[in-house]
Amino acid sequence: MSNYTSLWESLGLDMDRHDQLMAALGPMYAEMFLAQPNRPEAMAYYDFVVSEIHGLRVRELADHRKNGGKVVGTFCVFSPDEVIQAAGAIGVGLCAGSQFWVPDGEQYLPRNLCPLIKAIVGAKTSLTCPYFESADLIIGETTCDGKKKCWEILNEHIPVHVMNLPQMKREKDTAAWAGEIKDLITKIEAVTGNTVTASKLAEKIDLINKRRTVLQRLYNTRKASPVPISGKDCLLISQLAFFDDPARFVAKAAELCDELERRVADGIGVFPKDAPRVMIAGTPQAIPNWQPHHIIETAGAAVVCEETCTGTRYFENLVTPVNNDLEAQVQALAERYMQINCACFTPNEGRIDDVKRLAREYRVDGVIYYNLQFCHGYSVEYRKVERALKEQGIPVMMIETDYSGSDAEQVRTRVEAFLEMLR
């Protein structure tokens with residue numbers, strides 16, 4: 001990674017603190033991922049991506065900008081990647097999953113706020129994340145009150161375009177979201193100097209649909225018993241999908257799926273067939289937040305599905321292809337994105353239905369509901385999820401935590417007791 005020092009310096013990173021961040025990442029990744037037995041061979045690509053996490057992709061972004069291109073940072077599954085790509089920009093999901101950035105975020109935000117939001121602000125203001133410093137524009141969205149105020153703070157440091165997500169799912173709300181997508185097109189065209197045409201948007205809708213399809217294929221292999229890949233590795237793949245080149249990601253993920261499907265046919269798994277099958281539901285796990293999966297799987301269970309924004313909510317449902325009609329394409333985008341069952345919506349029975357459906361499809365023995373502290377929407381919805389699962393005879397427990405890891409042993413004890421009950 002030393003080969004990228006001049007690149008990081010050109011982005012204005014605080015090099016001493018950046019070195020501290022990178023020094024912590026390597027050992028953590030080795031312990032959590034490389035020590036896993038019997039990993040699929042195709043995971044070598046993702047190990048390489050992590051080894052170059054602040055290197056190769058950041059250089060690609062720098063080269064793109066050097067040639068006149070723009071980089072757009074995103075945080076949420078409601079940010080329409082198709083529009084970003086159609087304008088000739090590169091979209092990158094921005095990091096917000098580490099305690100490293102929380103103290104910097106608390107200089108601007110109250111302590112009793114979601115750690116993800118504090119990490120967002122801290123990652124930018126600490127000048128330690130090269131993806132933040134590579135972005136020419138950030139897309140925010142109104143999925144919670146904390147984020148709404150977060151965008152105001154970030155806008156003092158980098159241009160932010162906020163998309164106003166409706167909080168209900170009526171026909172007029174879908175129409176309103178279509179209007180927000182049109183506003184984003186206007187903004188992206190102004191930033192990039194490129195026109196979003198119907199032909200270009202159709203091309204990128206097809207590309208992002210392919211990314212969703214290959215992730216669906218990946219998750220389908222996890223329905224097998226024994227499961228051919230760990231939940232931790234699948235979480236990593238989903239996280240990397242947010243910032244890797246989409247076409248490259250599709251190709252590499254397809255290679256992995258080929259291997260996993262062969263494993264399923266041959267009965268090869270990474271956990272014993274009788275290992276408890278667990279689904280994680282709740283708040284997203286932004287990179288590098290891997291601890292919940294690590295605790296669960298080192299306790300002997302297999303995480304077989306994530307009902308989260310870094311899981312099924314990211315890739316379920318495709319955009320209906322519409323060629324040569326920009327207005328119809330925008331409507332198709334709006335309809336697809338409004339099918340995402342985020343906890344910000346009311347009423348939100350669709351999410352309860354999703355949880356029950358996924359529990360059946362992945363044949364789970366139990367559900368662990370993961371909630372970041374002060375994430376009120378998902379915290380409130382836990383009771384409905386709990387009731388619905390218990391009616392189906394599926395045990396569920398809730399873990400509410402932050403990024404600090406200070407409660408890791410307490411969480412491990414609770415998880416082990418839950419798994420013992422499942423056994």
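Quick notes
- Filter result (more than 22 Å from residue 94 (Cβ to Cβ), assigned to a helix (DSSP H, G or I) and of a type in the set (D, E, K, R)) within segment 155-188: 171, 172, 173, 182
- Given (1) closer than 30 Å to residue 69 by Cα; (2) under 22 Å from the mean Cα position of the chain (by Cα), number of the condition residue 152 does not satisfy: (2)
- Some residue of segment 89-102 being in contact with a strand residue (DSSP E or B) (Cβ under 7 Å, 6 or more places away or on another chain), assigned by TED's automatic domain parsing to the domain that holds residue 183 and farther than 30 Å from residue 260 by Cβ: yes
- Whether a residue is out of contact with any Asp or Glu (no Cβ under 9 Å at 6 or more places or on another chain) and surrounded by 17 or more Cβ atoms within 10 Å (Cβ to Cβ) was assessed, and residue 288 passes this test.
- Elements of type helices (runs of 4 or more DSSP H) in segment 1-101, at least 2 residues being modelled with pLDDT under 95: 15-29
- Test: residue in segment 229-239 that is out of contact with any helix residue (DSSP H, G or I) (no Cβ under 6 Å at 6 or more places or on another chain) and either without any contact (Cβ under 8 Å) to a residue 60 or more places away in the chain or among the basic types (Lys, Arg) (or both): no
- Taken over segment 143-153, the criterion of being farther than 18 Å from residue 188 by Cβ and part of a helix (DSSP H, G or I) is satisfied by 145, 146, 147, 148, 149, 150, 152, 153.
Per-residue answers, yes or no, for (1) out of contact with any strand residue (DSSP E or B) (no Cβ under 9 Å at 6 or more places or on another chain); (2) among the small types (Gly, Ala, Ser); (3) crowded, with 22+ Cβ neighbours inside 10 Å:
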residue	(1), (2), (3)
186	yes, no, no
225	no, yes, no
228	yes, no, yes
243	no, no, yes
250	yes, no, no
254	yes, yes, no
264	yes, no, no
277	no, no, yes
281	no, yes, yes
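- Taken over segment 328-345, the residue count meeting the criterion of being aliphatic (A, V, I, L, M) and part of a helix (DSSP H, G or I) is 5.
- Hey, residue 369 touching a helix residue (DSSP H, G or I) at 6+ places or on another chain (Cβ under 7 Å) and not assigned by TED's automatic domain parsing to the domain that holds residue 226 or not: no
- In segment 162-170 there is at least one residue matching the filter, namely being assigned by TED's automatic domain parsing to the domain that holds residue 106 and under 28 Å from residue 12 (Cα atoms).
- Qualifying residue in segment 354-366 (condition: over 17 Å from residue 341 (Cβ atoms), touching a Leu at 6+ places or on another chain (Cβ under 9 Å) and assigned to a loop (DSSP other than H, G, I, E, B)): yes
- Among residues of segment 225-271, those that are outside any helix (DSSP H, G or I), within 23 Å of residue 290 (Cβ to Cβ) and at pLDDT 95 or above, counted: 11
- Check on residue 371, surrounded by 18 or more Cβ atoms within 10 Å (Cβ to Cβ), outside any loop (DSSP other than H, G, I, E, B) and within 17 Å of the chain's Cα centre (by Cα): yes
- Of the set (1) surrounded by fewer than 19 Cβ atoms within 10 Å (Cβ to Cβ); (2) in a helix (DSSP H, G or I); (3) not charged (D, E, K, R), all apply to residue 121 but (1).
The values are calculated or read from the model by the stated rules, or taken from the named source; none is laboratory data. Please read these numbers as outputs of a predicted model, since none were measured by experiment. In this analysis, Cβ positions are derived from the backbone assuming ideal geometry, glycine residues included, and neighbour counts consider all displayed protein chains.
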